[in-house]
Amino acid sequence: MATTEEILAGVAEIVHEVCNIPVEDVQLDKSFIDDLDADSLAMNEIIYASEDKFGVSIPDEEAKNLKTVGDAVAHIERAMN
Amino acid sequence: MSKQITVVDGPHSAILGIGSYRPSRVVDNAEMCTMIDSSDEWIRQRTGIIERRWATDDETLMVMALGAARKALDHAGLQGSDLDAVIVSTVSHLTQFPAIAPQIATELGATDAAAYDILAACAGFCYGLAQADGLIRNGSATRVLVIGAEKLSEQLDKTDRTTAFLFGDGAGAAVVGPSDEPGIGPVVWGSDGAAKDVIRLTRHWDEPGDEPPYIHMDGQPVFRWASTTVAKKTLEMLARAGLTVDDLDVFIPHQANDRIIDAMIRTLKMPEHVTVARDISHMGNTSAASIPLAIEAMFERGEVKSGQLALIVGFGAGLVYAGQIIRLP
C-alpha cells in the first residue's frame, strides 16, 4: 500500500516530466493550472500518466475536479486502497 | 483430391520513392483568427500549428494526388507504366463512387493496374502501406503506389473554433516495390467502432440541412486514446520487427497535434538521437497525407537520410490505428 508521500513523489515526477517543473516545487497545496504551468492538455497527460503509474482509473468527469496536487493525490490514494 | 492451386511467394518489399504535394495557399493563424474567436498563441500552445495549407479551387484532390504520385515515381526512378496497383487512402473523395484510384492510375499511364480507394482516415497511409507490402510479398503485385490525399478544407466548418484551425489539405505518395532485404516491418493495426462518434461528420449526407456535413471531433477522448492506447501499440510495432526504440533513427507519427506527439515520446521513452517529425507546425492535420508529407519535408531539410529506420504510426476516425517500421528510401 502506497503512502501519501510515495504518491506525491510519483505525481511530482510526472509533473516534472510533463511541465518541466522541479520535483520539489510540486506540493500538495499547489494548483496544477495556477502554480505549475499546466494547461488542460498537460492536465490530461498528468492524469493518464498517473493512471498508468498507480494502476488506477480516473474518468474524465472526475479528472475535471482535480484542481490541486493534493486533490489528485487523495483521489489516487482512495482508488488504490 | 482435385488439383492444387499454384501460389508463388513474392520478394520482400520496400519503399522505393516518396513524394508529396503542398497546396499553394498558406493560411496562417492570424488569418485563421479572422474566422474563429481564437489567438495565434492559443493555437500554437495547444497544437503546435503555425500555419496550414488550404487548396485552391484548381488544386483538386486529383491534382494533389497526381502531383505527389509523380514526385514519388521520379524519386524511385520509375514510370507510371511500371505500376501494377494503385491504392488511394482518402476521406475527401466526395463522389462516393467510382473510386478516384482508377482515374489516377490511368492519368499516370498505369494501364490495367489494380486500383482502389480505402478509407482508414488518419491511419490510411499505414493501412495502404501494409496492403502494398502484402500484395508484393504474396506475389500479387510487383510495384504498388500508395497515396494519401486529402482536401479536408471542403469538409470544415470554418467558423467552428474547435476544429477549423486543426485541419489542412495535401497529398503524399510512396512507391513500394521488391527488395532483397525487408524494408517494411509487420503492421500492427486495429480498430474500436464503439468510439465511432468521437471523430465523425456532423450529419449524414442525405439528411436535410443548409450546409454540407462537417468534421466534428471530441478532442479529449481522442487525445486520451492516442497518447495512451496508440502510444503503447507503437511498442508492439517495434517488437514485431525485432527492434527497440534505441534502434530507431526517425519517429514519424501522424501529425495530429504536437502535444500528442510529445505524449507519445514520453510514453515510448524515445531516445534523444531519434529525429521526430513536426510537420504539423506548417501543415496542420492532413489525415492520410500527413506521414508521407512529413517524410518528404524531413528529406528536404536534410534531417533524415536514405537507409534510416523509421517508425510510422497513424490513428484517427473509426477509431482506427496502424503502424510499422520502414527503411527510408
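The values are calculated or read from the model by the stated rules, or taken from the named source; none is laboratory data. None of the values given here were measured: they were computed from a predicted structure. We place every Cβ from the backbone using ideal geometry, glycine too, and count neighbours over all the protein chains shown.
Looking only at residues of segment B:229-267 that are among the polar types (S, T, N, Q) and away from chain A (no Cβ under 12 Å), we find that the one that is surrounded by the most Cβ atoms within 10 Å (Cβ to Cβ) is B:GLN255. Out of all the residues in segment B:251-269, which are modelled with pLDDT of 95 or more and either polar (S, T, N, Q) or over 16 Å from the mean Cα position of the chain (by Cα) (or both)? B:GLN255 - this is the single residue of segment B:251-269 that is modelled with pLDDT of 95 or more and either polar (S, T, N, Q) or over 16 Å from the mean Cα position of the chain (by Cα) (or both). The set of residues from segment B:101-117 being surrounded by 20 or more Cβ atoms within 10 Å (Cβ to Cβ) and over 11 Å from B:GLY80 (Cα atoms) comprises B:ALA101, B:ALA115, B:ASP117. If we scan segment B:276-291, do we find a residue that is acidic (Asp, Glu), at pLDDT 95 or above, surrounded by fewer than 17 Cβ atoms within 10 Å (Cβ to Cβ) and touching a Leu at 6+ places or on another chain (Cβ under 8 Å)? Scanning segment B:276-291 turns up no residue that is acidic (Asp, Glu), at pLDDT 95 or above, surrounded by fewer than 17 Cβ atoms within 10 Å (Cβ to Cβ) and touching a Leu at 6+ places or on another chain (Cβ under 8 Å). With respect to the conditions (1) away from chain B (no Cβ under 14 Å); (2) in a loop (DSSP other than H, G, I, E, B); (3) surrounded by 14 or more Cβ atoms within 10 Å (Cβ to Cβ), A:ILE7 lacks only one, and its number is (2). Scanning segment B:230-244 for residues that are without any contact (Cβ under 8 Å) to a residue 40 or more places away in the chain and part of a helix (DSSP H, G or I) yields B:ALA231, B:LYS232, B:LEU235, B:ALA239. If the condition is being under 17 Å from B:ARG266 (Cα atoms) and more than 8 Å from chain B (Cβ to nearest Cβ), then segment A:24-41 contributes only A:ALA38.
If I ask for residues that are in a loop (DSSP other than H, G, I, E, B) and either out of contact with any strand residue (DSSP E or B) (no Cβ under 6 Å at 6 or more places or on another chain) or more than 12 Å from B:ALA85 (Cα to Cα) (or both), which ones from segment B:128-163 would you list? Within segment B:128-163, B:ASN138, B:GLY139, B:SER140, B:THR142, B:LEU156, B:ASP157, B:LYS158, B:THR159, B:ASP160, B:ARG161, B:THR162, B:THR163 meet the criteria. Only one entry of B:SER281, B:SER227 meets the criterion of being in a helix (DSSP H, G or I), outside the structural domain of B:VAL88 (by TED's automatic domain parsing) and touching a Gly at 6+ places or on another chain (Cβ under 8 Å), and that entry is B:SER281. Taken over segment A:27-59, the criterion of being more than 12 Å from the chain's Cα centre (by Cα) and free of Cβ contacts under 8 Å to residues at least 12 places away in the same chain is satisfied by A:ASP34, A:ASP35, A:ASP39, A:SER40, A:LEU41, A:PRO59.
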